[in-house]
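Trainee: Next up is a structure, given as structure tokens.
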Amino acid sequence: MDTRFATGTEYMARVEPSRFGLPVSKRIHESVLSFGHEVLLAPLNAIDDIALAVEKVIANARELSG
């Protein structure tokens, strides 16, 4: 149990994710690519490289999926 927020076992039982059907959240979780703020603070040419890499993956997704 995470004790940083002193939530207690009763609270943790109430918010247990497996108790809820969250299809929209699940779909978003499975389809979103996120980066930490450190990446977004990189020089613009590095961010351009990331964008090109993502475009390349998307363009070749069918081949990559086997």
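Trainee: Collect the residues in region 24-48 that are open to solvent by 100 Å² or more (accessible area, probe 1.4 Å) and charged (D, E, K, R), keeping them in residue-number order.
Mentor: Scanning region 24-48 gives 26, 27, 30, 38.
Trainee: Pairs only if they're at least six apart or on different chains, beta carbon under 8 angstrom, first in region 16-37 and among the charged types (D, E, K, R), second exposed (fewer than 10 other Cβ atoms within 10 Å of the Cβ); list them, first residue then second.
Mentor: none
Trainee: Do we have residue 18 as part of a helix (DSSP H, G or I), loosely packed, with under 10 Cβ neighbours inside 10 Å, of a type outside the set (D, E, K, R) and under 21 Å from the mean Cα position of the chain (by Cα) here?
Mentor: yes
Trainee: Would you mention how many residues in region 49-66 are in a loop (DSSP other than H, G, I, E, B) and loosely packed, with under 10 Cβ neighbours inside 10 Å?
Mentor: Qualifying residue count, region 49-66: 2.
Trainee: Mind checking which residues of region 51-61 are under 15 Å from residue 31 (Cα atoms) and of a type outside the set (Val, Ile, Thr)?
Mentor: 55, 61
The values are calculated or read from the model by the stated rules, or taken from the named source; none is laboratory data. What you see is a predicted model, and the numbers here were worked out from it, not measured in a lab. Backbone-built Cβ (ideal geometry, glycine too); neighbour counts: all protein chains shown. Side chains included, ligands, DNA and RNA excluded: accessible areas come from the protein's heavy atoms. Shrake-Rupley method; radii C 1.70, N 1.55, O 1.52, S 1.80 Å.
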